[in-house]
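The values are calculated or read from the model by the stated rules, or taken from the named source; none is laboratory data. In this text the structure is predicted, and so the values were computed from the model without any measurement. Cβ atoms come from the backbone with ideal geometry, glycine included; neighbour counts cover every protein chain shown. For the accessible areas, the whole protein counts, side chains as well, though only heavy atoms, and no ligand, DNA or RNA atoms are used. Shrake-Rupley method; radii C 1.70, N 1.55, O 1.52, S 1.80 Å.
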Amino acid sequence: MASLAGRRVLVVEDETLVAMLVEDTLADAGAVVLGPVATVTEALTLLASERPDVAVLDLNLAGETSEPVADRLAAMSVPFVVASGYGAAGLPQRLSGVPVLAKPYAPEDLTAALAKLPAA
């Protein structure tokens with residue numbers, strides 16, 4: 001498993017079981033988990049006071065798009081991975097360069113994708 005030792009990782013995921021699995025996976029890899037948060041409002045509130053090194057972002061939060069969170073992360077120069085059941089085809093054009101993890105994904109795929117990102 002890729003090491004994320006000491007990296008602060010924001011987790012934006014609305015499915016509780018997936019969020020718990022992601023949190024456990026990241027903690028096992030040595031990351032400091034921020035969240036998980038399940039809504040755009042919670043994510044933006046957290047980003048107002050915390051600066052993650054990297055983030056994993058579910059694009060669809062209970063029917064609400066998390067694009068405002070992606071835009072905020074980009075404005076903060078925080079690299080992120082999009083986790084989506086729609087794959088890369090579900091990304092808006094402005095996010096076309098963002099790495100995508102197609103759901104469902106293996107825990108080691110998540111840690112490997114985040115480990116490849118430069119720290120903010």
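Of note:
- Matching residues in the range 48-83 - criterion: being over 13 Å from the mean Cα position of the chain (by Cα) and modelled with pLDDT under 95: 62, 63, 64, 65
- Within the range 106-119, tally of residues that are in contact (Cβ under 8 Å) with a residue 24 or more places away in the chain and open to solvent by less than 50 Å² (accessible area, probe 1.4 Å): 8
- Within the option set 43, 55, being crowded, with 23+ Cβ neighbours inside 10 Å and assigned to a strand (DSSP E or B) holds for one residue only, 55.
- Test: residue in the range 14-29 that is surrounded by 13 or more Cβ atoms within 10 Å (Cβ to Cβ), touching a residue at least 12 places away in the same chain (Cβ under 8 Å), part of a strand (DSSP E or B) and out of contact with any Leu (no Cβ under 8 Å at 6 or more places or on another chain): no
- Candidate set: the range 102-116, residues that are assigned to a loop (DSSP other than H, G, I, E, B) and either modelled with pLDDT of 95 or more or not charged (D, E, K, R) (or both); chosen: the one farthest from residue 87 (Cα to Cα): 106
- Flag if residue 49 is open to solvent by 60 Å² or more (accessible area, probe 1.4 Å), on the phi > 0 side of the Ramachandran plot and not charged (D, E, K, R): no
- Answer residue from the range 75-97, given it is farther than 22 Å from residue 109 by Cα and among the hydrophobic types (A, V, I, L, M, F, W, C) and is least open to solvent (accessible area, probe 1.4 Å) among those: 76
- Boolean, residue 5 is over 24 Å from residue 91 (Cα atoms), part of a loop (DSSP other than H, G, I, E, B) and either open to solvent by 10 Å² or more (accessible area, probe 1.4 Å) or in contact with a Ser or Thr (Cβ under 8 Å, 6 or more places away or on another chain) (or both): yes
- Scope the range 66-91; condition assigned to a strand (DSSP E or B), under 24 Å from residue 49 (Cβ atoms) and not aromatic (Phe, Trp, Tyr); matching residues: 81, 82, 83
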